[in-house]
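All remarks here apply to the structure that follows.
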Amino acid sequence: MMLFICAMGKLLNRKKSGKEPVRISDYIEHSFSNLRKKKLRTFLTTFGVVIGIGALVSMFSFGKGVQKNVTDSFKKMGLFNYIAVYPSSGRSRGEQANMDPDDPQNQIQYEQVSDSANSPILDDNFLQEIREIKGVESAFAEIRFPAQIRFNEKEQFSLVSVIPADVCRSELMKLRAGKAYEGDDENSLIINDSLLRRMDIKDFEAVIGEQIEVSTLAMDPNLLNPMKLMSIMQGENLPFNQESYTFTIAGVAERMGMGGFIPVRSDVYMPPGPAEDMKKISLTNIKDFFQPAEKLKGYSAITIKVSSVKYIDSIKKQMKDRGLGTFALIDQLKEIKTAFMFMDMFLLAVAMIGITVASLGIINTMVMSILERYREIGIMKAVGASENDVKKIFFFESGVIGFLGGIFGLALGWVVSTVINQIANHFLVKQGAPYTDYFSFPWWLCLGAVGFSILVSLGAGLYPAVRAARVDPVVALRHD
Amino acid sequence: MNSDGFLETKGLTKVYSLGKINVVALEDVNLSVEEGKFLGVTGPSGSGKSTLMNLLGGLDTPSSGSIKVEGKFISELDKEELSLYRRYQVGMIFQTFNIISSYTALENVAFPLLFAGVSKRERHHRAGEMLEKVGLINRKDHRPAELSGGEQQRVAIARALVNKPKILLADEPTGNLDTSTSRQIVQTLAELNKNQGLTIIMISHELSMLAEFADDVIHLCDGKVVEQEKIR
């Protein structure tokens, strides 16, 4: 690249011996004029560049569009303001409560997880403690449990999340109908549109205010009778108690399409008040299935919402100092950016194939042009053109092809992207997805595409320009 | 002709290498042309006339010997300096006219001014003036294919003189023209020589024309000056 820039610099800045140099505007005008004289060939060569740049622009704008959508939606939802706190080393709540550090059998394991062994139990007291830390806007426990949802004589097995009312009212929850529950003790819930669709319900407004039944399962150790083991293994007399609860549907939420750490990622959301009174089993660890509900101390995780991202590091440090594990999406931003960079590189590599072919087209056209204008080059030199002047004439012609290719390539890329965006949205909106711009055209992409096109074309024109400059005028003037 | 002059050559020699064979195109040519003179060059095909023109015009460089124009050794100039010499000090016309077929008469005449950094408006103005001088202003927007041979050569003369050189080198300018047109062209050159003091070196096979218009005539044969004739 440096070699190329040096060559360009040498070519454009070569010292003139005294007299007025040819004006850049004259070179450009002369180039346009020459290219106009070979319309078809100029069109075909430029069209090659247009295709290459069009592909480059479409692919890059798609890459940038995806990045913009992801980062914008994360920012809009305030996801960078959340920290997940969980017991370190992946130990369950049962282990947190029951591990005896003095037990020799636990000694090795205890040393390995010494931090977490001293870590606090993630219970309501700890939650309250967190809420008092500077920068913490709110904190809530992650409580998720499986339940059978019955509505309109249809049943669906689903995950229920316990989410405080204030989080439900935040940007994290995108409601398609109704509203978030008002308080943490309200006997109502929010249901995802996807769950309703699975129940063949498409009119989301109609379900607001309707009653819905949530049935939970809780392990009953008393039913784990060795006498019944055979029937349990055959799937009969399972050691579970089923409890049913009735709620009012307050709102219908849009399903979150993204994976990773999102506090709101279940099919049903309910406030902490009624959830506390429900008998349920945890999904944190398989061992928890075999713990009586009252033995399960603490929550599997706590989600902290900070008032500003500047508090993230200090709060994370405080949690780590207490032997807890943390996860913040903002930490993943670097990884996300690296992943996007790889995506950009891949798209660039694909687009470069088109650009390379277009460059070969330019070289071919310019070499052909030299052969056709061999005598003309001789005339140029006879009337006083220097080697540098001849070089620049051909060089500028390549540049003009690149400029035209860049402008029309950008236009083609924009048109193709717009058409694809409309078609994609036509189908995706029908399936319930919101209208999204999948392509992004930042100003630097537009300028960069035209600049890159000119640069590539100048690069392709370098060899023909040098070759034209070396033409012997005596031979050229005799050429037929 | 061997005294110190406006244009001088000393021991001018040009040898071309064709593989392992060396062909001597010009050998030990000594010339001296005073400013404002009309020198005729004649000789059979392959005698080195065009080679001499190319060397004097700065299109080619000698194998040995020197060329001095206005006290400056042209034979010692580098490529960049030679292009400036061709641009400002010497104009050339050819048997085959060598005007660009895709350009109009005006564009052809204006072409050398492009390399002199002259603005487009000024280029067209000066080219128009030159076309007026050679009597072709009414044909300025015509392309070469729409012009007769004589008109094309006039366009070439106008182009050669647009940068106001002091020397005009004419390499058989009448070779492709009929007798009447040839005479008109040479007459035009002679007028430029007389009225503007333009130094002209012209190759021609038409000895009668050279006898009529040239001041001096040299005869070349096998790359050597075999005869020098002072007409007037």
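Laboratory data are not the source of any read-out in this text; all were calculated from the coordinates shown. None of the values given here were measured: they were computed from a predicted structure. Counting neighbours? That spans all protein chains shown, and the Cβs are built from the backbone with ideal geometry, glycine included.
Give, as a single signed number, the net charge of other residues whose beta carbon lies under 12 Å from the beta carbon of A:Lys38, with Lys and Arg counted +1 and Asp and Glu -1. It would help to have the intermediate numbers written out before the result.
Values: positive: A:Arg36, A:Lys37, A:Lys39, A:Arg41, A:Arg373; negative: A:Glu372, A:Glu397.
Result for the neighbourhood of A:Lys38: +3.
Across peptide A:471-477, how many C-beta atoms of other chains are within 10 Å of each residue C-beta, on average?
Working: counts 0, 2, 7, 8, 1, 2, 8.
Neighbouring Cβ atoms belonging to other protein chains average 4 per residue here.
Just B:Gly149, B:Gly128, B:Gly46 to compare: in a GNM of chain B, with alpha carbon springs under 10 Å, which one fluctuates most?
Highest fluctuation of the listed residues: B:Gly46.
For B:Asp28, what is the net charge nearby, where nearby means another residue's Cβ is under 11 Å from its Cβ and Lys, Arg count +1, Asp, Glu -1?
Neighbourhood net charge equals +2.
Given the rule -39500 (n - 2.57) for each run of at least 4 DSSP H residues, summed and divided by the residues of the protein assembly as shown, what is its mean residue ellipticity at 222 nm, to the nearest 500 deg cm²/dmol?
After summing the helix terms and dividing by the residues of the protein assembly as shown, the value is -15000 deg cm²/dmol.
When you take every Cα atom in the protein assembly as shown, what is the radius of gyration, and what is Dmax, the widest Cα pair distance, in Å?
Gyration radius and largest Cα-Cα distance of the protein assembly as shown: 44.7, 143 Å.
List the extent of the Cα atoms of the stretch A:134-175 along each of their three principal axes, largest first, rounded to whole Å.
If we take the Cα atoms of the stretch A:134-175, the spans are 48, 21, 11 Å.
Enumerate the aspartates and glutamates that A:Lys392 could reach by cross-link, defined here as Cα to Cα under 16 Å, with residues fewer than 8 away along the same chain left out.
A:Glu20, A:Asp26, A:Glu29, A:Glu376, B:Glu80
How high is the relative contact order of the stretch A:121-205? Use alpha-carbon pairs under 8 Å, at least six apart in sequence, and give a whole percent. Show your work: numbers first, answer last.
Details: 68 pairs, mean separation 15.9, N = 85.
Computed value for the stretch A:121-205: 19 percent relative contact order.
Over the Cα atoms, compute the radius of gyration (one decimal) and Dmax (the largest Cα-Cα distance, rounded to a whole number) for the stretch B:1-99, in Å.
13.6, 42
Using the Cβ atoms and a cut-off under 15 Å, what net charge is assigned to the surroundings of A:Ile420, where Lys and Arg are +1 and Asp and Glu are -1?
Every neighbour counted, the sum reads 0.
Return the single residue from B:Leu56, B:Leu18, B:Leu207 with maximal mean-square fluctuation; model: Gaussian network over chain B, springs between Cα atoms under 10 Å.
B:Leu18
Against the longest alpha carbon principal axis of chain B, how many degrees, from 0 to 90 and to the nearest 10, is the axis of helix B:105-115 turned?
Long axis of B:105-115 versus the principal axis of chain B: about 60 degrees.
When the convex hull of the Cα atoms of chain B is projected onto a plane and the area is averaged over all directions, what value comes out in nm²?
If I average the Cα hull's projected area over directions, I get 12.7 nm².
What's the Kirkwood radius of the stretch B:101-159 in Å, using all Cα pairs?
Details: mean 1/r = 0.0912 Å⁻¹.
Taking the inverse mean of 1/r over all distinct Cα pairs, the stretch B:101-159 comes out at 11.0 Å.
Going by how many other beta carbons lie within 10 Å of each one, how would you line up A:Trp414, A:Trp443, fewest first?
A:Trp443, A:Trp414
Structure shown: which of A:Lys381/B:Lys49; A:Lys280/A:Lys310; B:Lys166/B:Lys230; A:Lys391/B:Lys133; A:Lys39/B:Lys79; A:Lys39/B:Lys164 lie over 27 Å apart, alpha-carbon to alpha-carbon?
A:Lys280/A:Lys310; A:Lys391/B:Lys133; A:Lys39/B:Lys79; A:Lys39/B:Lys164
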